[in-house]
Amino acid sequence: MSKRKVLLTALVMALAAVSVFASGAAEDSGNYSVYLITMDQMDQHWVNVNRGAEDAAAELGVDLTWLAPDVKDDAKQIECINNAVAAGADCILLAANGPEACVAALKEASEAGVEIVYVDSAANFPGRRLLATDNRAGGKQIGERLIQELTAKGITSGMIGVIGVNAATESCNQREYGFRDAFEGTDFTLLETQYCQGDAAQAKDMAANFIAQGCIAVYGANEGSTVGVGNAVMEAGSGVIGCGSDSSDMNLSLVERGALLCIMAQNPYAMGYEGVKSAVEVLSSDMAPEATLDPYYVDTGVEVITKDNLPE
């Protein structure tokens with residue numbers, strides 16, 4: 001069994017230990033229709049969320065549909081929500097683009113009797129559960145690992161570039177806040193965040209500009225931005241350090257090749273797997289309006305991956 005599979009299995013078992021799924025729910029799952037709606041279909045992160053959801057749906061006899069915009073776009077995600085409601089969804093598993101944009105659509109969905117469970121990131125509308133990474137803590141760990149590497153090289157000051165997705169994607173913003181937290185009280189200067197909308201090509205150009213300004217390191221807040229950072233570092237060959245988020249195959253390859261020092265690896269499989277189980281728990285129970293599952297927030301875990309612990 002690969003290290004990656006071992007990690008996924010261990011995290012799923014850990015989540016089960018905190019009673020994420022009520023006993024007896026499997027028997028009551030019926031033919032529930034669950035719609036997984038993510039931010040986009042570009043990132044491997046969302047593919048892995050869907051893979052976990054598919055496995056749980058197969059186990060529980062749930063009808064699962066994955067809807068997502070081709071790119072991160074609020075209007076397109078709202079359209080996905082509306083389409084799920086029109087198609088007769090019993091529950092929507094939602095990774096919200098931002099906290100506000102889809103609130104009106106979620107209100108209409110709820111009024112139509114559709115349950116809401118959040119995976120990865122929530123909107124400012126009541127849901128039954130949130131299964132997500134502690135993004136701020138994960139971002140801080142990446143910052144601390146970068147400081148450790150810079151210190152080992154005798155570097156105690158300098159400019160660091162930051163590339164985010166957009167100002168509304170709160171999960172990625174929290175990673176950036178945590179990354180910046182790590183540098184408080186140091187002599188390093190973190191430059192103003194540049195936003196790439198999750199597009200690796202845009203992120204590469206932004207990272208190249210940071211490198212041209214003399215940055216000693218560049219950080220990416222999601223998969224696409226981190227791919228762009230790694231590619232820019234590899235092309236520059238200047239000794240600048242790249243780091244970022246999400247353990248896609250491309251990012252793991254960039255770590256292996258030395259273009260990225262480290263990445264924050266989430267457990268998207270567990271988000272999808274336990275998300276479907278949470279949906280069944282809600283649908284098979286008689287919950288009062290506004291009630292939430294216990295626990296409401298489930299931390300699906302994070303790991304800092306470097307060359308030393310690359311999964312096989």
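Observations on the structure shown:
- Ellipsoid equivalent to the stretch 86-136 - semi-axes via the Cα gyration tensor, in Å: 19, 12, 8
- Alpha-carbon spread of the stretch 84-175, three principal axes, descending order, Å: 60, 20, 19
- Rounded percent of accessible protein surface that carbon and sulfur make up, the stretch 238-280, 1.4 Å probe: 44 percent
- Of all accessible heavy-atom area on the stretch 131-193, the percent that carbon and sulfur account for (1.4 Å): 44 percent
- Candidates Met264, Met206, Met287, ranked by Gaussian network fluctuation over the chain, Cα under 10 Å, top entry: Met287
- Rolling a 1.4 Å probe across the protein heavy atoms gives the chain an accessible surface of 40 Å² per residue.
- Accessible carbon and sulfur surface of the stretch 30-112 relative to its total accessible area, %, 1.4 Å: 47 percent
- Heavy-atom accessible surface of Phe125, to the nearest 10 Å², is about 40 Å², with a 1.4 Å probe and all protein chains retained.
- Surface listing: Glu235, Glu312 arranged by accessible area from highest to lowest gives Glu312, Glu235, probe 1.4 Å.
- Set against the labelled values (1) 28; (2) 35; (3) 25, percent of Cα pairs over 32 Å apart computed from this structure falls on (1).
- For the stretch 170-224, convex hull of alpha carbons as volume per residue, Å³: 77 Å³
- Most positive-pole-ward Cα, Ser110, Gln148, Gly127, against dipole of the chain from beta carbon charges: Gln148
- Relative contact order (%) - the stretch 28-116, alpha-carbon pairs under 8 angstrom, separation at least six: 35 percent
- Annotation: Arg175 carries an accessible surface of approximately 10 Å², with a 1.4 Å probe and no ligand, DNA or RNA atoms counted.
The values are calculated or read from the model by the stated rules, or taken from the named source; none is laboratory data. Note that the structure is predicted; figures quoted are calculated from it, not measured. No Cβ is skipped: glycine too gets one built from the backbone with ideal geometry, and neighbour counts run over all protein chains shown. Areas reflect the complete protein model, heavy atoms only, side chains present, ligands, DNA and RNA absent. Shrake-Rupley method; radii C 1.70, N 1.55, O 1.52, S 1.80 Å.
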